[in-house]
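The values are calculated or read from the model by the stated rules, or taken from the named source; none is laboratory data. Since we're looking at a predicted model, the values are computed, not measured. Every residue, glycine as well, gets a Cβ built from its backbone with ideal geometry; the counts of neighbours run over all protein chains shown.
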Protein chains: 2
Amino acid sequence: MTTHSARKFIQLESEFLMHRGGTLPRVDLAYETWGALNSRRDNAVLLFTGLSPSAHAASSGEDTSPGWWEEMLGPGRPIDTRRYFVVCVNSLGSCYGSTGPASVDPRTGEAYRLEFPVLSIEDIAGAGFEVIKALGIERLHTVVGASMGGMTALAFCTLFPHAARGLVTISSAARAEPFAIALRSLQREIIRSDPEWHDGNYDAGKPPVRGMRLARKLGMITYRSGEEWLGRFGRERVSAEHAPGDLFGIDFEIESYLESHANKFVGQFDPNCYLYLSRAMDLFDVGEHSGCVATELGKSTVERAMVIGAETDFLFPLHQQEELVECLHHPDREVEFVVLPSLQGHDSFLVDMDRFRPPISRFFDQD
Amino acid sequence: MTTHSARKFIQLESEFLMHRGGTLPRVDLAYETWGALNSRRDNAVLLFTGLSPSAHAASSGEDTSPGWWEEMLGPGRPIDTRRYFVVCVNSLGSCYGSTGPASVDPRTGEAYRLEFPVLSIEDIAGAGFEVIKALGIERLHTVVGASMGGMTALAFCTLFPHAARGLVTISSAARAEPFAIALRSLQREIIRSDPEWHDGNYDAGKPPVRGMRLARKLGMITYRSGEEWLGRFGRERVSAEHAPGDLFGIDFEIESYLESHANKFVGQFDPNCYLYLSRAMDLFDVGEHSGCVATELGKSTVERAMVIGAETDFLFPLHQQEELVECLHHPDREVEFVVLPSLQGHDSFLVDMDRFRPPISRFFDQD
């Protein structure tokens with residue numbers, strides 16, 4: 001097990017007002033940092049995560065275990081921590097140190113569970129803003145995020161128009177479209193259908209494991225691509241013989257792959273937190289306030305933006321990246337659009353490092 | 001309720017040997033017919049269905065309720081029943097009159113359930129062959145199938161190389177690829193995870209409704225397309241107010257759409273039959289015998305073939321249609337490839353009639 005010894009915390013001084021109503025009387029936020037803030041305080045990079053990762057994006061002296069974006073972040077890496085001060089925040093609503101539905105409500109002494117107020121991407125962005133404020137940063141060099149983290153970075157730029165000079169979104173979207181909503185809604189219903197869920201009141205020792213496993217399998221199917229799996233697994237069968245009579249057991253390699261990924265995930269993530277974060281993505285529409293994505297993104301003073309997408313990503317498809325590029329267009333802003341022919345679908349940014357390193361390096365080497 | 005008064009039956013005279021082992025001592029096959037067999041017996045069209053439809057492809061004098069391919073089949077329609085004698089067979093393993101896991105095993109007097117032998121697409125093709133043999137047809141004008149029905153038509157042409165002069169496959173595949181296997185495997189696991197499934201021994205009055213609903217929702221997500229839903233639903237919300245506190249209830253139109261489709265399906269289809277048919281699709285590989293799809297399809301004496309695919313179909317994607325076209329290539333065979341820009345994904349052949357009518361008409365008008 002990781003010791004999480006690199007994890008730092010802040011506790012907000014006042015209650016936190018949620019974007020869609022309700023308050024949190026006490027908010028703890030977990031984060032990690034790499035590198036050092038310079039004297040001008042202008043070299044800070046804020047990294048928002050996807051739905052499930054913790055703030056442990058990369059190893060450090062304090063925690064040598066590899067992080068979820070290990071190859072992208074560190075000395076001599078694309079986001080070079082000899083030059084940049086990088087902050088990664090565990091999302092509000094998550095379960096890796098930041099306050100979320102699994103945290104104890106100080107008003108009741110019990111875990112929030114479904115009493116947690118509706119979570120919005122804007123709340124996660126606001127919590128990230130509190131962290132950089134506490135660190136004495138007025139304006140970020142860049143805010144970066146992939147997937148849900150990209151949505152959060154977009155919300156951050158509209159809510160705090162002066163808080164970032166640069167923006168990098170990866171495999172993200174200005175708003176959730178019905179195809180992705182359908183998939184996430186089904187994942188949530190699968191979890192809620194597990195009798196062990198008990199309307200959110202599961203035993204800590206007996207969570208809805210089956211529902212979480214099935215939801216994770218559906219997640220994996222949407223995070224990768226058919227092209228990748230065709231080349232990688234084809235119609236290969238697992239070598240082990242079937243148990244006799246196990247008509248519907250694991251037979252194909254692809255089934256075994258999903259099984260092992262799902263088993264790894266279960267027990268690592270709190271089901272209620274998963275439900276809240278998943279729903280927050282559906283609710284997200286950066287253009288909600290004025291009805292126009294471009295108007296909202298036009299409020300931001302971001303000077304340089306990069307939008308990266310993967311051709312095989314069908315969860316956050318290329319037309320959503322194109323929409324972002326169009327809506328980020330502004331006379332005072334340089335916008336670069338990078339389309340990568342990665343095979344690994346939505347997850348490409350986590351695995352196809354050879355293709356993702358060059359554009360990220362280019363962004364952070366320049367300027 | 002439909003009266004099924006157009007449904008006819010044959011009962012096979014001897015036991016049925018299953019493709020992957022095991023036997024069925026008694027097989028009943030349900031089918032419907034439209035039009036009349038001509039004196040030369042060369043105007044017969046055999047139609048295989050997708051996973052869930054019955055043999056009721058179209059209305060007739062005996063059953064005036066609309067069938068699942070109503071607009072394609074009938075007097076003056078693309079498959080013109082004034083000219084053709086059309087036979088549609090309920091798949092072996094299904095639950096609309098043909099023998100399947102929900103049927104009674106005459107050896108035990110109990111329903112087969114999971115004692116039913118492994119079902120293969122080849123078995124469904126073989127059962128279809130028995131029906132046309134019983135009707136006195138030696139060689140079909142054309143065998144037609146979409147989705148699983150297309151797989152069945154391909155198996156039919158390789159198992160009975162002289163039994164068809166024409167072949168039309170729609171949104172089908174020569175073999176299951178890992179992406180589709182993953183999705184179907186997950187659907188099966190969702191059903192099997194419903195506590196009411198009871199390892200296949202559910203009460204007739206208390207089937208695994210929740211599992212079937214969730215599996216059907218996943219099916220619907222894979223049968224349509226994100227493009228269609230974006231135009232049709234966007235981010236529209238349902239008009240009804242949420243029940244207070246129902247954080248994860250239906251909010252978006254797309255969620256309501258899936259809910260109503262899933263509710264319609266449940267109760268109509270036997271869960272064990274669904275599992276067997278779904279698995280049969282995964283196991284299907286027309287090239288299994290020799291290791292080569294082209295070699296197997298080369299055995300068929302089909303003279304005219306049409307392969308139709310929809311651009312937005314990601315369950316049976318265009319590269320699988322292209323593979324079929326390449327592997328059907330033969331000096332003595334005319335092969336037409338039709339790619340349709342339909343928005344409705346895999347289901348396009350059921351709904352985008354304006355695009356599907358012309359090629360089907362062309363195929364059946366010629367010759």
Flag if A:Arg184 is more than 18 Å from the chain's Cα centre (by Cα) and part of a helix (DSSP H, G or I): no
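For segment B:162-178, give me each residue that is away from chain A (no Cβ under 14 Å) and either at pLDDT below 95 or in contact with a helix residue (DSSP H, G or I) (Cβ under 8 Å, 6 or more places away or on another chain) (or both). Let's see the steps before the verdict.
Narrowing segment B:162-178 to residues away from chain A (no Cβ under 14 Å): B:162-172.
The answer is B:Ala163, B:Ala164, B:Gly166, B:Leu167, B:Val168, B:Thr169, B:Ile170, B:Ser171, B:Ser172.
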Answer residue from segment B:298-324, given it is among the β-branched types (Val, Ile, Thr) and surrounded by 18 or more Cβ atoms within 10 Å (Cβ to Cβ) and is nearest to B:Arg357 (Cα to Cα) among those: B:Ile308
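Does B:Asp123 satisfy being more than 17 Å from B:Leu328 (Cα to Cα) and touching a Pro at 6+ places or on another chain (Cβ under 8 Å)? Don't jump to the end; show me each part of the working.
On the way: more than 17 Å from B:Leu328 (Cα to Cα): yes; touching a Pro at 6+ places or on another chain (Cβ under 8 Å): no.
No; evaluated as a whole, the condition is false for this residue.
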Residue within segment B:255-277 that is within 8 Å of chain A (Cβ to nearest Cβ), part of a helix (DSSP H, G or I) and under 25 Å from A:Tyr274 (Cα atoms) present: yes
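Out of all the residues in segment A:157-165, is one or more within 14 Å of A:Thr49 (Cβ to Cβ) and within 18 Å of the chain's Cα centre (by Cα)? Lay out the reasoning, then the answer.
Taking segment A:157-165 first, the residues within 14 Å of A:Thr49 (Cβ to Cβ) are none.
Within segment A:157-165, not a single residue is within 14 Å of A:Thr49 (Cβ to Cβ) and within 18 Å of the chain's Cα centre (by Cα).
Restricting to segment A:259-301, give me the number of residues that are among the hydroxyl-bearing types (Ser, Thr, Tyr) and closer than 19 Å to A:Ser193 by Cβ.
Residues of segment A:259-301 among the hydroxyl-bearing types (Ser, Thr, Tyr): A:260, A:274, A:276, A:278, A:290, A:295, A:300-301.
With closer than 19 Å to A:Ser193 by Cβ added as a condition, the list becomes A:274, A:276, A:278.
Selection size over segment A:259-301: 3.
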Enumeration of residues in segment A:200-212 that are surrounded by fewer than 24 Cβ atoms within 10 Å (Cβ to Cβ) and part of a helix (DSSP H, G or I): A:Gly200, A:Val209, A:Arg210
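Among A:Arg224, A:Arg192, which is touching a residue at least 60 places away in the same chain (Cβ under 8 Å), crowded, with 24+ Cβ neighbours inside 10 Å, among the charged types (D, E, K, R) and closer than 21 Å to A:Ser278 by Cβ? Walk me through it before giving the result.
Numbers: A:Arg192 fails: crowded, with 24+ Cβ neighbours inside 10 Å.
Answer to the selection: A:Arg224.
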Residue list for segment A:217-240, restricted to those being at the interface with chain B (Cβ under 7 Å from one of its Cβ atoms), in a helix (DSSP H, G or I) and in contact with a Phe, Trp or Tyr (Cβ under 8 Å, 6 or more places away or on another chain): A:Ile221, A:Gly226, A:Trp229, A:Leu230
Qualifying residues in segment B:143-175 (those that are surrounded by fewer than 23 Cβ atoms within 10 Å (Cβ to Cβ) and among the hydrophobic types (A, V, I, L, M, F, W, C)) - the one farthest from A:Leu186 (Cα to Cα): B:Ala163
Among residues of segment B:74-118, those that are assigned to a strand (DSSP E or B) and within 30 Å of B:Arg362 (Cβ to Cβ), counted: 8
